[in-house]
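Asks: I am attaching a structure below and will ask some questions about it afterwards.
The values are calculated or read from the model by the stated rules, or taken from the named source; none is laboratory data. Because the structure is predicted, anything quoted here is derived from the model rather than measured. Backbone-built Cβ (ideal geometry, glycine too); neighbour counts: all protein chains shown.
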Amino acid sequence: MGDAFAGAAWLVLAGDAVLLGIVQLSLQVSLSAVFFASLLALPVGAAIALYHFPGRGAVIVLLNALMGLPPVVAGLLVYLMLSRAGPLGSLGLLFTPAAMVVVQALLIFPIVAALTRQMVSDLWDEYHEQLTSLGTSRLRAIPTLLWDGRFSLVTTLLAGFGRATAEVGAVLIVGGNIAGVTRVMTTSIALETSKGNLELALALGAILMTLTLLINAMAFGVGELAKRRYE
(Lines give C-alpha, C1' and ligand atoms only; values in the text may rest on other atoms or scores of the structure.)
Protein backbone atom coordinates (compact mmCIF):
# COMPACT_ATOMS: atom_id res chain seq x y z
CA MET A 1 0.00 0.00 0.00
CA GLY A 2 2.88 2.33 0.76
CA ASP A 3 4.22 1.80 -2.76
CA ALA A 4 0.84 2.81 -4.19
CA PHE A 5 0.84 6.09 -2.27
CA ALA A 6 4.44 6.76 -3.30
CA GLY A 7 3.58 6.05 -6.92
CA ALA A 8 0.57 8.35 -6.74
CA ALA A 9 2.68 11.15 -5.30
CA TRP A 10 5.23 10.68 -8.06
CA LEU A 11 2.55 10.88 -10.77
CA VAL A 12 1.29 14.17 -9.34
CA LEU A 13 4.71 15.73 -8.80
CA ALA A 14 6.03 14.59 -12.18
CA GLY A 15 2.98 15.98 -13.98
CA ASP A 16 2.11 12.70 -15.68
CA ALA A 17 0.60 13.42 -19.11
CA VAL A 18 -2.26 10.92 -18.73
CA LEU A 19 -3.10 12.28 -15.29
CA LEU A 20 -3.07 15.90 -16.45
CA GLY A 21 -5.16 15.06 -19.51
CA ILE A 22 -7.86 13.48 -17.37
CA VAL A 23 -7.89 16.40 -14.93
CA GLN A 24 -8.00 18.94 -17.76
CA LEU A 25 -10.96 17.22 -19.43
CA SER A 26 -12.79 16.95 -16.11
CA LEU A 27 -12.44 20.67 -15.44
CA GLN A 28 -13.42 21.61 -18.99
CA VAL A 29 -16.58 19.49 -18.87
CA SER A 30 -17.65 20.57 -15.39
CA LEU A 31 -16.97 24.29 -15.89
CA SER A 32 -18.78 24.24 -19.24
CA ALA A 33 -21.75 22.50 -17.63
CA VAL A 34 -21.92 25.10 -14.85
CA PHE A 35 -21.73 27.93 -17.38
CA PHE A 36 -24.49 26.66 -19.67
CA ALA A 37 -26.75 25.54 -16.81
CA SER A 38 -26.40 28.93 -15.10
CA LEU A 39 -27.31 30.86 -18.24
CA LEU A 40 -30.80 29.39 -17.97
CA ALA A 41 -31.07 28.57 -14.28
CA LEU A 42 -30.37 32.07 -12.93
CA PRO A 43 -33.13 33.91 -14.82
CA VAL A 44 -35.57 30.99 -14.44
CA GLY A 45 -35.02 30.81 -10.68
CA ALA A 46 -35.41 34.58 -10.36
CA ALA A 47 -38.57 34.62 -12.49
CA ILE A 48 -40.18 31.87 -10.41
CA ALA A 49 -39.39 33.90 -7.28
CA LEU A 50 -40.96 37.13 -8.56
CA TYR A 51 -43.91 36.02 -10.68
CA HIS A 52 -47.06 34.28 -9.49
CA PHE A 53 -48.76 31.97 -11.97
CA PRO A 54 -51.01 28.88 -11.87
CA GLY A 55 -49.04 25.85 -10.75
CA ARG A 56 -46.20 27.90 -9.29
CA GLY A 57 -46.19 25.84 -6.10
CA ALA A 58 -45.95 22.61 -8.09
CA VAL A 59 -43.05 24.04 -10.10
CA ILE A 60 -41.19 24.94 -6.90
CA VAL A 61 -41.78 21.49 -5.42
CA LEU A 62 -40.62 19.84 -8.66
CA LEU A 63 -37.53 22.04 -8.83
CA ASN A 64 -36.59 21.20 -5.24
CA ALA A 65 -37.19 17.49 -5.89
CA LEU A 66 -34.97 17.55 -8.98
CA MET A 67 -32.07 18.74 -6.83
CA GLY A 68 -31.84 15.10 -5.78
CA LEU A 69 -32.26 13.70 -9.31
CA PRO A 70 -30.36 10.38 -9.48
CA PRO A 71 -27.44 10.82 -11.89
CA VAL A 72 -28.06 7.47 -13.59
CA VAL A 73 -31.63 8.55 -14.39
CA ALA A 74 -30.35 11.81 -15.91
CA GLY A 75 -27.77 9.81 -17.83
CA LEU A 76 -30.42 7.43 -19.16
CA LEU A 77 -32.67 10.30 -20.30
CA VAL A 78 -29.82 12.06 -22.13
CA TYR A 79 -28.69 8.74 -23.62
CA LEU A 80 -32.17 8.13 -25.05
CA MET A 81 -32.24 11.65 -26.48
CA LEU A 82 -28.80 11.38 -28.11
CA SER A 83 -28.84 7.74 -29.23
CA ARG A 84 -29.30 6.97 -32.93
CA ALA A 85 -32.98 6.22 -32.37
CA GLY A 86 -33.46 9.39 -30.31
CA PRO A 87 -34.69 12.77 -31.51
CA LEU A 88 -31.18 14.28 -31.36
CA GLY A 89 -29.30 11.22 -32.59
CA SER A 90 -28.39 12.89 -35.89
CA LEU A 91 -26.13 15.32 -34.02
CA GLY A 92 -23.71 12.51 -33.16
CA LEU A 93 -23.08 13.79 -29.65
CA LEU A 94 -23.28 10.48 -27.79
CA PHE A 95 -19.96 9.34 -26.27
CA THR A 96 -18.42 12.79 -26.66
CA PRO A 97 -17.48 15.47 -24.11
CA ALA A 98 -20.47 17.50 -25.35
CA ALA A 99 -22.85 14.78 -24.15
CA MET A 100 -21.16 14.85 -20.75
CA VAL A 101 -21.62 18.62 -20.58
CA VAL A 102 -25.32 18.20 -21.38
CA VAL A 103 -25.95 15.62 -18.67
CA GLN A 104 -23.98 17.53 -16.04
CA ALA A 105 -25.86 20.72 -16.95
CA LEU A 106 -29.10 18.80 -16.49
CA LEU A 107 -28.01 17.82 -12.98
CA ILE A 108 -26.77 21.31 -12.09
CA PHE A 109 -29.76 23.25 -13.43
CA PRO A 110 -32.26 22.43 -10.62
CA ILE A 111 -29.66 23.13 -7.93
CA VAL A 112 -28.81 26.58 -9.28
CA ALA A 113 -32.42 27.43 -10.14
CA ALA A 114 -33.84 26.35 -6.76
CA LEU A 115 -31.18 28.14 -4.71
CA THR A 116 -31.49 31.24 -6.91
CA ARG A 117 -35.27 31.26 -6.43
CA GLN A 118 -34.90 31.20 -2.66
CA MET A 119 -32.24 33.89 -2.66
CA VAL A 120 -34.17 36.22 -4.97
CA SER A 121 -37.38 35.63 -3.01
CA ASP A 122 -35.68 36.71 0.21
CA LEU A 123 -34.22 39.81 -1.46
CA TRP A 124 -37.59 40.69 -3.00
CA ASP A 125 -39.23 40.56 0.42
CA GLU A 126 -36.54 42.94 1.67
CA TYR A 127 -36.48 45.42 -1.22
CA HIS A 128 -39.98 45.07 -2.65
CA GLU A 129 -41.32 48.39 -1.37
CA GLN A 130 -38.19 50.31 -2.33
CA LEU A 131 -38.09 48.92 -5.86
CA THR A 132 -41.81 49.44 -6.36
CA SER A 133 -41.57 53.07 -5.23
CA LEU A 134 -38.89 53.62 -7.87
CA GLY A 135 -41.24 52.26 -10.53
CA THR A 136 -39.15 49.16 -11.14
CA SER A 137 -41.08 46.31 -12.73
CA ARG A 138 -40.55 42.72 -11.70
CA LEU A 139 -38.76 42.02 -14.98
CA ARG A 140 -36.35 44.93 -14.47
CA ALA A 141 -35.86 43.89 -10.84
CA ILE A 142 -34.41 40.51 -11.83
CA PRO A 143 -30.90 41.73 -12.85
CA THR A 144 -30.87 44.14 -9.88
CA LEU A 145 -31.62 41.41 -7.38
CA LEU A 146 -29.23 38.95 -9.02
CA TRP A 147 -26.45 41.52 -8.79
CA ASP A 148 -27.26 42.32 -5.19
CA GLY A 149 -27.15 38.63 -4.32
CA ARG A 150 -23.99 37.93 -6.31
CA PHE A 151 -22.06 36.64 -3.30
CA SER A 152 -24.74 34.06 -2.55
CA LEU A 153 -24.88 33.18 -6.23
CA VAL A 154 -21.16 32.42 -6.27
CA THR A 155 -21.75 29.90 -3.48
CA THR A 156 -24.64 28.47 -5.49
CA LEU A 157 -22.47 28.06 -8.58
CA LEU A 158 -19.75 26.42 -6.51
CA ALA A 159 -22.33 23.95 -5.22
CA GLY A 160 -23.25 23.14 -8.81
CA PHE A 161 -19.60 22.73 -9.76
CA GLY A 162 -19.07 20.41 -6.80
CA ARG A 163 -22.00 18.27 -7.93
CA ALA A 164 -20.56 18.09 -11.45
CA THR A 165 -17.01 17.12 -10.47
CA ALA A 166 -18.23 14.32 -8.17
CA GLU A 167 -20.53 12.77 -10.80
CA VAL A 168 -19.86 9.21 -12.03
CA GLY A 169 -22.94 7.36 -13.28
CA ALA A 170 -24.38 9.89 -15.72
CA VAL A 171 -21.12 10.72 -17.49
CA LEU A 172 -20.29 7.03 -17.70
CA ILE A 173 -23.58 6.33 -19.50
CA VAL A 174 -23.37 9.14 -22.06
CA GLY A 175 -19.57 9.41 -22.28
CA GLY A 176 -18.56 5.76 -22.39
CA ASN A 177 -15.32 6.34 -20.42
CA ILE A 178 -13.23 6.34 -23.61
CA ALA A 179 -9.50 6.82 -22.97
CA GLY A 180 -8.27 10.21 -24.13
CA VAL A 181 -11.77 11.27 -25.19
CA THR A 182 -14.36 11.07 -22.40
CA ARG A 183 -12.45 9.69 -19.43
CA VAL A 184 -12.79 12.07 -16.46
CA MET A 185 -11.51 11.82 -12.90
CA THR A 186 -14.42 9.98 -11.31
CA THR A 187 -14.82 7.39 -14.05
CA SER A 188 -11.04 6.93 -14.23
CA ILE A 189 -10.84 6.27 -10.49
CA ALA A 190 -13.50 3.55 -10.77
CA LEU A 191 -11.82 1.97 -13.79
CA GLU A 192 -8.24 2.11 -12.54
CA THR A 193 -9.25 0.69 -9.15
CA SER A 194 -10.94 -2.27 -10.83
CA LYS A 195 -7.79 -2.80 -12.93
CA GLY A 196 -5.58 -2.68 -9.85
CA ASN A 197 -3.78 0.47 -11.00
CA LEU A 198 -3.95 2.06 -7.57
CA GLU A 199 -1.25 4.65 -8.23
CA LEU A 200 -3.27 6.50 -10.86
CA ALA A 201 -6.52 6.00 -8.93
CA LEU A 202 -4.99 7.46 -5.76
CA ALA A 203 -3.43 10.38 -7.63
CA LEU A 204 -6.76 11.26 -9.21
CA GLY A 205 -8.52 10.81 -5.86
CA ALA A 206 -6.08 13.18 -4.18
CA ILE A 207 -6.66 15.82 -6.85
CA LEU A 208 -10.42 15.38 -6.63
CA MET A 209 -10.34 15.75 -2.84
CA THR A 210 -8.17 18.84 -3.18
CA LEU A 211 -10.70 20.36 -5.57
CA THR A 212 -13.49 19.54 -3.12
CA LEU A 213 -11.64 21.25 -0.29
CA LEU A 214 -10.94 24.29 -2.47
CA ILE A 215 -14.60 24.55 -3.48
CA ASN A 216 -15.73 24.41 0.14
CA ALA A 217 -13.06 26.90 1.20
CA MET A 218 -14.14 29.29 -1.55
CA ALA A 219 -17.79 28.90 -0.59
CA PHE A 220 -16.96 29.61 3.04
CA GLY A 221 -14.83 32.62 2.09
CA VAL A 222 -17.56 34.07 -0.12
CA GLY A 223 -20.10 33.56 2.64
CA GLU A 224 -17.92 35.37 5.16
CA LEU A 225 -17.32 38.19 2.71
CA ALA A 226 -21.06 38.55 2.18
CA LYS A 227 -21.67 38.69 5.93
CA ARG A 228 -19.09 41.47 6.37
CA ARG A 229 -20.60 43.37 3.46
CA TYR A 230 -24.05 43.45 5.00
CA GLU A 231 -22.97 44.08 8.59
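Asks: Quick one: in segment 50-75, which of the residues that are surrounded by 13 or more Cβ atoms within 10 Å (Cβ to Cβ) and over 18 Å from the mean Cα position of the chain (by Cα) is farthest from Val120 (Cα to Cα)?
Replies: Result: Val59.
Asks: In addition: Within 18 Å of the chain's Cα centre (by Cα) and not acidic (Asp, Glu), is that true of Ala179?
Replies: Details: within 18 Å of the chain's Cα centre (by Cα): no; not acidic (Asp, Glu): yes.
When the stated conditions are applied, Ala179 does not pass them.
Asks: For Val44, are the conditions met, namely being β-branched (Val, Ile, Thr), surrounded by 16 or more Cβ atoms within 10 Å (Cβ to Cβ) and under 20 Å from Thr182 (Cβ atoms)? Give the steps one after another, and end with the answer.
Replies: Details: β-branched (Val, Ile, Thr): yes; surrounded by 16 or more Cβ atoms within 10 Å (Cβ to Cβ): yes; under 20 Å from Thr182 (Cβ atoms): no.
Here the answer is no, as Val44 does not meet what is asked.
Asks: Kindly check whether there is at least one residue in segment 25-35 that is closer than 25 Å to Ala179 by Cα, among the polar types (S, T, N, Q), buried (at least 20 other Cβ atoms within 10 Å of the Cβ) and at pLDDT 95 or above.
Replies: No, segment 25-35 has no match at all.
Asks: Let me ask something else about it. Among residues belonging to segment 134-150 that are under 20 Å from His52 (Cα atoms) and of a type outside the set (A, V, I, L, M, F, W, C), point out the one that is surrounded by the fewest Cβ atoms within 10 Å (Cβ to Cβ). Don't jump to the end; show me each part of the working.
Replies: So in segment 134-150, the residues under 20 Å from His52 (Cα atoms) come out as 135-146.
Checking which are of a type outside the set (A, V, I, L, M, F, W, C) leaves us with 135-138, 140, 143-144.
Details: Gly135: 7, Thr136: 16, Ser137: 10, Arg138: 17, Arg140: 11, Pro143: 12, Thr144: 14.
Looking at the filtered set, the residue picked out is Gly135.
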